[in-house]
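Each remark here refers to the structure printed beneath this line.
The values are calculated or read from the model by the stated rules, or taken from the named source; none is laboratory data. As the structure is a computational prediction, the values presented were derived from the model and not from experiment. For neighbour counting, all protein chains shown are included, and Cβ atoms are generated from backbone atoms with ideal geometry for every residue, glycine included. The area values use the complete protein model at the heavy-atom level, side chains included, leaving out ligands, DNA and RNA. Shrake-Rupley method; radii C 1.70, N 1.55, O 1.52, S 1.80 Å.
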Amino acid sequence: MKTDFLIQKTQEYAEKYADQIIPWLMTNGLKVVFIAVAAFFLHKIIIRFIEKAVRLAVRPEKHHTKEAEEKRENTLIQIFSTTSKIIIILVSSLMILSEFGIEIAPIIAAAGIVGLAFGFGGQYLIRDLISGLFIILENQYRIGDIVKFDTLGGSVEVITLRKTTLRDIDGTVHHVPHGEIKTVSNLSKDYARINLDIGVGYSTDLEQLIKIINTTGDALANDPAWKDLILKTPQFLRVNDFADSAIMVKILGETVPSRQFEITGELRKRLKIAFDKEGIEIPFPQVVVHQAAK
């Protein structure tokens, strides 16, 4: 009997609300689906438009490589796409809420009041946004660049108006608000530099050393695996210092952006092999102990 009663009540409720739900689904429900689908396709269309517009609008700058221009374009595309996505989600959400019978005017008014209150206490957010805007307009760095912010450094993975996301060489991700950035050092804009100081023993024949360094640099620059990455052949520059245990010499060269580290590592390896072959000593600090006579 109890089961029959529950079945009867269920049928009554189903019939009662079916008369309300089905007409809503046929009118407002269809509008909700239409709004969601329209928002999805509008976002796709805007993304394509933004991408084409940015590719056309960004003009190549003097001395900038094609890779550098692509980095700048990708950065602008990501920022504009994220902003448009947020706007579309907000507008479509309000339209869907109105189809459920929820008054959106009080929500908008409340959002305005909250925004006003947030504005008085959100000076740090405003500072981040303004700083981010200038970073983007001045093209200080782009996605894929290697940068240093004061004590932090790494590869730029994401840029928004509020913050930059870096990944350092250990794989650690750092989220840096733009308002906190005081100094930006871009290690990969236009070109990068091989800047290598190396020490050799005081007994080394400097003329022979210079010849070995330049020959090794030429061989590296002409290697098919590396030549497209080297803009200026690494060569001996000068004797840089007379250290306690070594003569310090400086080697300079230029590479395409962001590749200086691996090329410098390859140059170090080749120089060590060449020095060993020619008998050139790379000294290490030594301490001479004199024992007093008894």
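Restricting attention to the stretch 182-190, does a residue exist that is assigned to a loop (DSSP other than H, G, I, E, B) and open to solvent by less than 30 Å² (accessible area, probe 1.4 Å)?
The answer is yes; a qualifying residue exists.
Considered as a group, the residues in the stretch 247-280 that are open to solvent by 30 Å² or more (accessible area, probe 1.4 Å) and aliphatic (A, V, I, L, M) include one that is nearest to ALA192 (Cα to Cα), and that residue is LEU252. Scanning the stretch 226-236 for residues being open to solvent by 80 Å² or more (accessible area, probe 1.4 Å) and either assigned to a strand (DSSP E or B) or in contact with a Phe, Trp or Tyr (Cβ under 8 Å, 6 or more places away or on another chain) (or both) gives a total of 2.
Just checking, which of ASP244, ASP218 is of a type outside the set (Phe, Trp, Tyr), over 30 Å from LEU129 (Cα atoms) and modelled with pLDDT under 90?
Details: ASP218 fails: modelled with pLDDT under 90.
Result: ASP244 is the single residue among ASP244, ASP218 that is of a type outside the set (Phe, Trp, Tyr), over 30 Å from LEU129 (Cα atoms) and modelled with pLDDT under 90.
Just one residue in the set ASP168, ASP223 is open to solvent by less than 50 Å² (accessible area, probe 1.4 Å) and either over 30 Å from ALA274 (Cβ atoms) or touching a His at 6+ places or on another chain (Cβ under 8 Å) (or both); that residue is ASP168. Residues in the stretch 117-154 that are open to solvent by 40 Å² or more (accessible area, probe 1.4 Å) and in a strand (DSSP E or B) were compared, and the one that is modelled with the lowest pLDDT is LEU152. The set of residues in the stretch 132-191 that are closer than 22 Å to THR83 by Cβ, more than 12 Å from the chain's Cα centre (by Cα) and of a type in the set (Lys, Arg) contains only ARG162.
Per-residue answers, yes or no, for (1) more than 25 Å from the chain's Cα centre (by Cα); (2) part of a helix (DSSP H, G or I); (3) modelled with pLDDT under 80:
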{"residue": "ILE21", "(1), (2), (3)": "yes, yes, yes"}
{"residue": "ILE47", "(1), (2), (3)": "no, yes, no"}
{"residue": "GLU51", "(1), (2), (3)": "no, yes, no"}
{"residue": "ARG55", "(1), (2), (3)": "no, yes, yes"}
{"residue": "PRO60", "(1), (2), (3)": "no, no, yes"}
{"residue": "SER81", "(1), (2), (3)": "no, yes, no"}
{"residue": "ILE87", "(1), (2), (3)": "no, yes, no"}
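Counting residues in the stretch 206-219 that are open to solvent by 40 Å² or more (accessible area, probe 1.4 Å), more than 37 Å from the chain's Cα centre (by Cα) and of a type in the set (Asp, Glu) gives one or more.
Kindly indicate whether PHE242 is aromatic (Phe, Trp, Tyr), without any contact (Cβ under 8 Å) to a residue 24 or more places away in the chain and either open to solvent by less than 10 Å² (accessible area, probe 1.4 Å) or under 21 Å from PRO283 (Cα atoms) (or both). In short, yes.
With respect to THR255, is the statement that it is more than 24 Å from the chain's Cα centre (by Cα) and among the hydroxyl-bearing types (Ser, Thr, Tyr) true? Even if it seems obvious, please write down each step before you answer.
Working: more than 24 Å from the chain's Cα centre (by Cα): no; among the hydroxyl-bearing types (Ser, Thr, Tyr): yes.
No, not satisfied.
Annotation: of all residues in the stretch 182-198 being in contact with a Ser or Thr (Cβ under 7 Å, 6 or more places away or on another chain) and at pLDDT 90 or above, the one that is nearest to LEU231 (Cα to Cα) is ILE194.
The lone criterion from (1) open to solvent by less than 50 Å² (accessible area, probe 1.4 Å); (2) touching a helix residue (DSSP H, G or I) at 6+ places or on another chain (Cβ under 7 Å) left unmet by LEU161 is number (1).
Within the stretch 105-112, is there a residue that is part of a helix (DSSP H, G or I), within 26 Å of THR165 (Cα to Cα) and modelled with pLDDT of 65 or more? It would help to see each step written out before you state the result.
Taking the stretch 105-112 as the starting set, the residues that turn out to be part of a helix (DSSP H, G or I) are 105-112.
If we keep only those that are within 26 Å of THR165 (Cα to Cα) as well, we get none.
No, the stretch 105-112 has no match at all.
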